[in-house]
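Worksheet for the structure shown next.
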Amino acid sequence: MATITDPVLSRWYKDVENDLTFKVVAIDENDETIEVQYVNGDIGEYDNETWYNSTFDYIEAPEDWSAPYGTLETDDLGYSDTDKHIQPDQEGINISDLLD
(Lines give C-alpha, C1' and ligand atoms only; values in the text may rest on other atoms or scores of the structure.)
Protein backbone atom coordinates (compact mmCIF):
# COMPACT_ATOMS: atom_id res chain seq x y z
CA MET A 1 0.00 0.00 0.00
CA ALA A 2 1.50 3.33 -1.06
CA THR A 3 1.10 6.67 0.70
CA ILE A 4 -1.68 8.86 -0.59
CA THR A 5 -1.13 11.64 1.96
CA ASP A 6 0.88 14.64 0.87
CA PRO A 7 3.63 15.92 3.16
CA VAL A 8 2.44 18.90 5.21
CA LEU A 9 4.85 21.06 7.20
CA SER A 10 4.54 20.54 10.99
CA ARG A 11 2.19 17.56 10.55
CA TRP A 12 2.80 14.24 12.31
CA TYR A 13 2.89 10.92 10.46
CA LYS A 14 3.34 7.25 11.20
CA ASP A 15 5.27 4.90 8.95
CA VAL A 16 2.91 1.95 9.35
CA GLU A 17 5.28 -0.60 7.81
CA ASN A 18 8.30 0.34 9.95
CA ASP A 19 6.45 1.59 13.06
CA LEU A 20 8.15 5.02 13.00
CA THR A 21 6.58 8.28 14.15
CA PHE A 22 7.82 11.58 12.74
CA LYS A 23 6.98 15.20 12.02
CA VAL A 24 7.64 17.01 8.73
CA VAL A 25 10.03 19.86 9.54
CA ALA A 26 10.93 21.08 6.04
CA ILE A 27 9.85 20.62 2.44
CA ASP A 28 12.29 21.57 -0.30
CA GLU A 29 10.40 22.00 -3.56
CA ASN A 30 13.61 22.52 -5.57
CA ASP A 31 15.28 19.29 -4.43
CA GLU A 32 11.92 17.51 -4.09
CA THR A 33 12.83 16.36 -0.57
CA ILE A 34 10.96 16.17 2.70
CA GLU A 35 12.94 16.56 5.93
CA VAL A 36 11.48 14.86 8.99
CA GLN A 37 12.26 14.61 12.67
CA TYR A 38 11.47 11.32 14.34
CA VAL A 39 9.91 11.20 17.78
CA ASN A 40 13.30 10.17 19.23
CA GLY A 41 14.87 13.40 17.90
CA ASP A 42 16.74 11.95 14.90
CA ILE A 43 16.51 13.81 11.57
CA GLY A 44 15.73 12.05 8.32
CA GLU A 45 14.95 12.90 4.72
CA TYR A 46 12.79 11.40 2.00
CA ASP A 47 12.64 12.20 -1.68
CA ASN A 48 9.20 12.50 -3.29
CA GLU A 49 9.37 9.06 -4.89
CA THR A 50 10.24 7.37 -1.59
CA TRP A 51 7.54 9.35 0.23
CA TYR A 52 4.76 8.24 -2.11
CA ASN A 53 5.98 4.63 -2.21
CA SER A 54 5.97 4.34 1.60
CA THR A 55 3.21 3.54 4.07
CA PHE A 56 2.78 6.91 5.81
CA ASP A 57 -0.45 8.07 7.40
CA TYR A 58 -1.50 11.20 9.30
CA ILE A 59 -1.60 10.93 13.09
CA GLU A 60 -2.18 13.23 16.04
CA ALA A 61 0.94 14.55 17.77
CA PRO A 62 2.18 11.99 20.30
CA GLU A 63 1.69 12.91 23.97
CA ASP A 64 5.42 12.89 24.62
CA TRP A 65 6.45 14.54 21.35
CA SER A 66 8.67 17.13 23.06
CA ALA A 67 10.77 14.61 25.05
CA PRO A 68 13.67 14.42 22.55
CA TYR A 69 14.01 18.19 22.57
CA GLY A 70 15.04 18.37 26.22
CA THR A 71 14.05 21.49 28.12
CA LEU A 72 11.84 23.73 26.01
CA GLU A 73 10.63 27.22 26.57
CA THR A 74 6.87 27.78 26.34
CA ASP A 75 7.36 29.72 23.09
CA ASP A 76 9.06 26.67 21.52
CA LEU A 77 5.90 24.61 21.93
CA GLY A 78 4.00 26.78 19.46
CA TYR A 79 1.94 28.77 21.93
CA SER A 80 2.57 31.41 24.50
CA ASP A 81 0.82 33.79 26.82
CA THR A 82 1.38 37.23 25.34
CA ASP A 83 -0.27 39.01 28.27
CA LYS A 84 2.18 40.73 30.54
CA HIS A 85 1.63 39.93 34.20
CA ILE A 86 3.58 42.53 36.10
CA GLN A 87 3.26 43.94 39.58
CA PRO A 88 3.04 47.71 39.13
CA ASP A 89 5.03 49.94 41.41
CA GLN A 90 2.63 50.87 44.21
CA GLU A 91 3.82 54.46 44.43
CA GLY A 92 2.60 56.81 41.79
CA ILE A 93 0.07 54.42 40.28
CA ASN A 94 -2.02 56.10 37.66
CA ILE A 95 -5.14 54.09 36.78
CA SER A 96 -5.01 55.31 33.16
CA ASP A 97 -1.63 53.55 32.76
CA LEU A 98 -3.29 50.22 33.59
CA LEU A 99 -6.21 50.58 31.18
CA ASP A 100 -5.99 49.75 27.48
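Going through (1) modelled with pLDDT under 95; (2) in contact with a strand residue (DSSP E or B) (Cβ under 9 Å, 6 or more places away or on another chain) one by one, E49 falls short only on (2). Taking (1) within 15 Å of K14 (Cα to Cα); (2) in a loop (DSSP other than H, G, I, E, B); (3) polar (S, T, N, Q) in turn, N30 satisfies each apart from (1). Under the condition of being touching a residue at least 12 places away in the same chain (Cβ under 8 Å) and assigned to a loop (DSSP other than H, G, I, E, B), the residues counted in segment 5-17 number 8.
The set of residues in segment 18-27 that are part of a loop (DSSP other than H, G, I, E, B) and farther than 19 Å from E63 by Cβ contains only N18. Pairing each residue of segment 39-57 that is in contact (Cβ under 8 Å) with a residue 12 or more places away in the chain and assigned to a strand (DSSP E or B) with any residue that is among the hydroxyl-bearing types (S, T, Y) and surrounded by 15 or more Cβ atoms within 10 Å (Cβ to Cβ), provided the two are 6+ apart or on different chains, yields C-beta distances under 8 Å for E45/T33; Y46/T33; Y46/S54; D47/T33; F56/T3; F56/Y13; D57/T3; D57/Y13.
The values are calculated or read from the model by the stated rules, or taken from the named source; none is laboratory data. These numbers were taken from a predicted model, which means no experiment stands behind them. Every residue, glycine as well, gets a Cβ built from its backbone with ideal geometry; the counts of neighbours run over all protein chains shown.
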